[in-house]
Amino acid sequence: MNWTAIGAVATGITGLIILVSVIVLSIQLSHQKKAMWSQTFLGLVDRLQDEELRKDRGIVFEAAEKQVDEWTDEEVAAAERVCYNYDLVGIMVRHKLLPTETIVDSWEDSLRRLWPICEPLVYKYRIIRGAPEFWDDFQWLAEEARKFDVKRGNRLRKEQLIASQRQVATSKKKREKAEKSAEDKD
């Protein structure tokens, strides 16, 4: 019996088993990560779609026409709750507890429109508290939403351009076919 050959085969089999184990573990971790994201996302949906927070966003949108110093106590409180909740979401996304694209795709419009309204209040609080990081994850998330909007806009414009080009090509083919048909009749 050749023990060297048997050892080599055993080593090869062991390596194969380790490789398969690593692949299976990687797949399991990927599924676990998706399950965690799903659960976290559902909790986030419950939080952001809560009727009170939706009302708060409406109050902030209505306050947009006024200067922050003219806001009522109710409008300030609503803006604070909006900032707090979007900051919390920003923290989760920034630390990879949720995928950025999923969040900004779902709340892009709200983030993009609310940040400029809340921004003066946030900067006021940052100055008063001497805390430049105050609600900075809301700001970061709003910027990610703006980038996503630009990217989506570019993609949509490209799709519209392609659709227009196809329409022009189709019209040209129909016109050429009609002209050829007219020539054949002559």
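What about Leu53, is it touching a Phe, Trp or Tyr at 6+ places or on another chain (Cβ under 7 Å) and within 19 Å of Ser106 (Cβ to Cβ)?
Against the criterion (touching a Phe, Trp or Tyr at 6+ places or on another chain (Cβ under 7 Å) and within 19 Å of Ser106 (Cβ to Cβ)), Leu53 does not qualify.
On the basis of being at pLDDT below 95 and either outside any helix (DSSP H, G or I) or under 24 Å from Val68 (Cα atoms) (or both), does Ala131 make the cut?
No: the conditions fail for Ala131.
Residues are listed down the side, and each one gets a yes or a no for (1) without any contact (Cβ under 8 Å) to a residue 40 or more places away in the chain; (2) among the small types (Gly, Ala, Ser):
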site: Thr4; (1), (2): yes, no
site: Ile13; (1), (2): yes, no
site: Ser38; (1), (2): yes, yes
site: Leu48; (1), (2): no, no
site: Ala79; (1), (2): no, yes
site: Met92; (1), (2): no, no
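Based on what the data block shows, is Thr102 out of contact with any Leu (no Cβ under 9 Å at 6 or more places or on another chain), closer than 27 Å to Asp149 by Cβ and hydroxyl-bearing (Ser, Thr, Tyr)?
So Thr102 passes the test.
A quick yes/no check of all residues on (1) assigned to a helix (DSSP H, G or I); (2) under 27 Å from Thr100 (Cβ atoms); (3) modelled with pLDDT of 80 or more:
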position	(1), (2), (3)
Thr11	yes, no, yes
Val20	yes, no, no
Leu29	yes, yes, yes
Asp46	yes, yes, no
Glu65	no, no, yes
Ala78	yes, yes, yes
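The values are calculated or read from the model by the stated rules, or taken from the named source; none is laboratory data. Keep in mind that this is a model prediction, so the values were computed, not measured. Virtual Cβ from ideal backbone geometry, glycine too; neighbours counted across all protein chains shown.
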